[in-house]
Every structure is written in structure tokens, then in C-alpha cells.
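Visitor: I have a structure I would like to understand better, so I am pasting it below and will then ask my questions one at a time.
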Amino acid sequence: MAVALDAAQLSTFELALEEIFMNIVMHGSRPGIAPRVEVSLHRDAESITMTVEDDGPAFDPLSLPPPDVTASLADRRVGGLGVFLVRKMMDSVSYERIAGRNQLRMSKRLDG
Amino acid sequence: MNLRIEEIGDVSCVVPAGRLDFDAAPGFQQALERLLGGAGKPLAAVIVDGTALEYVSSAGLRAFLLAARAAQRSGVAFALCALQPAVREVFELSGFSRIIPVHADRASALAQTQPGRA
């Protein structure tokens, strides 16, 4: 079923999809092997949930250390920033390794 | 993403339009570094006007970070202005609005990057 999103929700989910997909490509690819990625969106009365699954090597993006967002211009690092933004923008994010697949679920409440 | 550069005296206003995502970020970064590399006339400031910038991901933030460092090395002021709400949220959540000045509009960015001439 199609899920309608308003502009702010669309922006949040677009960003989450780009960040998580690029993480999978960078962490999950091996020479000659690209992970297969599946994305689904589900909306219920309270929230919208995006699930991203891939068959790459086990990798929990939530295990990445958070970036130091108070670091100076010279010391600032970008690694981990994408996942950090996703965690900040979503109301809940969870990771599971199920049957040889990584599954990341991201939910945002409709009232937020 | 399209990029327009407007020269206002010795200030370059960069006006990106569209989406600064993983695909667009390297080209944007190169354009800013070319500008800051200073083949042309002396530059006092580079202001990125976000009026038409719809989307920035972490790849876009990386381009801004590297440009801000290049500006610092070259002694050129670097600031942003007129960010759309979704883009401003990304700058605030990431803490980037603390390391790169963000102004409400172009006029205040011009005034504050060149206080002597305001």
C-alpha cells in the first residue's frame, strides 16, 4: 500500500534512506559482491516505519560511536554523522541480524 | 544540483539549487575549493545562500566542512545564509551551525562577514 508523507516527513525519510543505504554500500560491499538491499515503508495510526534489510556481512550501524558534535572546525570528523542524524531525526531506531540479513527499523511518530 | 556564483565586490555568493546528496557533494566541494583556491581576484568572503537548497545529507555536510577548512587556510570568511527549515535542522542537529556561521539572510551575512563595510 502506498504511504503518503508530508514534506517534513519526506525529508526525514529521504535522509535516512540515503545515509543507511550508503552505509550498507560502504560497509557491506566486497570486490565483485554487492549486497542486495530491500526497503519498505509502513504507516499505522501512530507512526511511519521504514525497514531497510540487506544480505551483506553482519553490521550494526548503531554500534558506531557518536561523533563529537562540539568539536572545533579543525577537529571535526564526519564519520558516523549520517547514522547520528538518523537517530536524532527518528523517534526509534533498532537493529537486528535475522537469518543472515541486517535489518534496521526506523520509526517516526505522526504527531512529531 | 545546479550552482550559480554571484560576485558582489570581493565576496562570492554561491547559490546551490536542489539536492546536496552523496551524488552531488563531490562536485559542490570541488566548485567551492576552486573558488577558494583563488586563481582569480582576491576574495574576502564566500557566502553560501541556501534559498534554493532543498536537502543536505552527511555527504553534503562533509563538503561544507572541507570548504570551511579551505576557507580558513586561505584567510577567507565562510558563512551560510537563508537555509530552508529541513536543511537548517540538519546543520543544527549535527552541530555544524556551531562551527560554520549561519545567518538569517544574505544581507545580514554580507554585513557580518564584512563588518567594516556594513
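Visitor: Just name the residue that is nearest to the chain's Cα centre (by Cα) out of those in the stretch A:61-87 that are in a loop (DSSP other than H, G, I, E, B) and of a type in the set (V, I, T).
Guide: Going residue by residue through the stretch A:61-87, those that are in a loop (DSSP other than H, G, I, E, B) are A:64-80.
So of that shortlist, the ones also of a type in the set (V, I, T) come out as A:69-70, A:78.
Working: A:V69: 19, A:T70: 23, A:V78: 16 Å.
Residue satisfying both the conditions and the ranking: A:V78.
Visitor: Continuing with the same structure: Quick check: is even one residue across the stretch B:41-59 more than 14 Å from chain A (Cβ to nearest Cβ) and out of contact with any strand residue (DSSP E or B) (no Cβ under 8 Å at 6 or more places or on another chain)?
Guide: yes
Visitor: Can you pull out every residue in the stretch A:49-99 that is of a type in the set (K, R) and at pLDDT 95 or above?
Guide: Passing the criteria: A:R87, A:K88, A:R97.
Visitor: Right, something else. Report whether or not A:L5 is within 14 Å of chain B (Cβ to nearest Cβ), in a loop (DSSP other than H, G, I, E, B), touching a residue at least 24 places away in the same chain (Cβ under 8 Å) and surrounded by fewer than 18 Cβ atoms within 10 Å (Cβ to Cβ).
Guide: yes
Visitor: Do you know which of the residues in the stretch A:55-90 that are more than 14 Å from chain B (Cβ to nearest Cβ) and not hydrophobic (A, V, I, L, M, F, W, C) is nearest to B:R98 (Cα to Cα)? Working first, answer last.
Guide: Narrowing the stretch A:55-90 to residues more than 14 Å from chain B (Cβ to nearest Cβ): A:55-60, A:62-63, A:65.
Then keep just the ones that are not hydrophobic (A, V, I, L, M, F, W, C); that gives A:55-57, A:60, A:63, A:65.
Numbers: A:D55: 38, A:G56: 36, A:P57: 36, A:D60: 29, A:S63: 26, A:P65: 20 Å.
Among those residues, the one meeting the criterion is A:P65.
Visitor: Between A:L73, A:L85, A:L81, A:L64, which is closer than 24 Å to A:R109 by Cα, free of Cβ contacts under 8 Å to residues at least 40 places away in the same chain and out of contact with any His (no Cβ under 6 Å at 6 or more places or on another chain)?
Guide: Details: A:L73 fails: closer than 24 Å to A:R109 by Cα; A:L85 fails: free of Cβ contacts under 8 Å to residues at least 40 places away in the same chain; A:L64 fails: closer than 24 Å to A:R109 by Cα.
Unique residue meeting the criteria: A:L81.
Visitor: Got a number for residues in the stretch A:18-30 being more than 10 Å from every other protein chain (Cβ to nearest Cβ), over 14 Å from A:R87 (Cβ atoms) and modelled with pLDDT of 90 or more?
Guide: Number satisfying all stated conditions: 1.
Visitor: Separate question: Of A:V78, A:V37, A:V83, which residue is more than 19 Å from B:E89 (Cα to Cα) and of a type in the set (A, V, I, L, M, F, W, C)? Break it down into steps so the answer makes sense when it comes.
Guide: On the way: A:V78 fails: more than 19 Å from B:E89 (Cα to Cα); A:V83 fails: more than 19 Å from B:E89 (Cα to Cα).
Only one candidate passes the filter, namely A:V37.
Visitor: Moving to a separate point now. Among all residue pairs at least 6 apart or on different chains, which show Cβ distances below 6 Å where the first residue, located in the stretch B:67-91, is within 8 Å of chain A (Cβ to nearest Cβ) and the second is assigned to a strand (DSSP E or B)?
Guide: Close Cβ pairs (under 6 Å, with a partner that is assigned to a strand (DSSP E or B)) amount to B:A68/B:F78; B:V90/B:V56.
Visitor: Ok, one more. Using beta carbons and a limit of 9 Å, which pairs, at least six apart or on different chains, have the first residue in the stretch B:106-118 and modelled with pLDDT under 70 and the second one part of a helix (DSSP H, G or I)?
Guide: B:R117/B:L110; B:R117/B:A111; B:A118/B:L110; B:A118/B:A111; B:A118/B:Q112
Visitor: Is it fair to say B:E7 is assigned to a helix (DSSP H, G or I) and free of Cβ contacts under 8 Å to residues at least 24 places away in the same chain?
Guide: Spelling it out, it is not the case that B:E7 is assigned to a helix (DSSP H, G or I) and free of Cβ contacts under 8 Å to residues at least 24 places away in the same chain.
Visitor: A further question follows. Which ones in the stretch B:1-35 are surrounded by 22 or more Cβ atoms within 10 Å (Cβ to Cβ) and closer than 15 Å to B:S74 by Cα?
Guide: B:L32
The values are calculated or read from the model by the stated rules, or taken from the named source; none is laboratory data. These figures come from a predicted structure and were not determined experimentally. Here the Cβ is made from the backbone with ideal geometry for all residues, glycine too, and neighbour counts use every protein chain on show.
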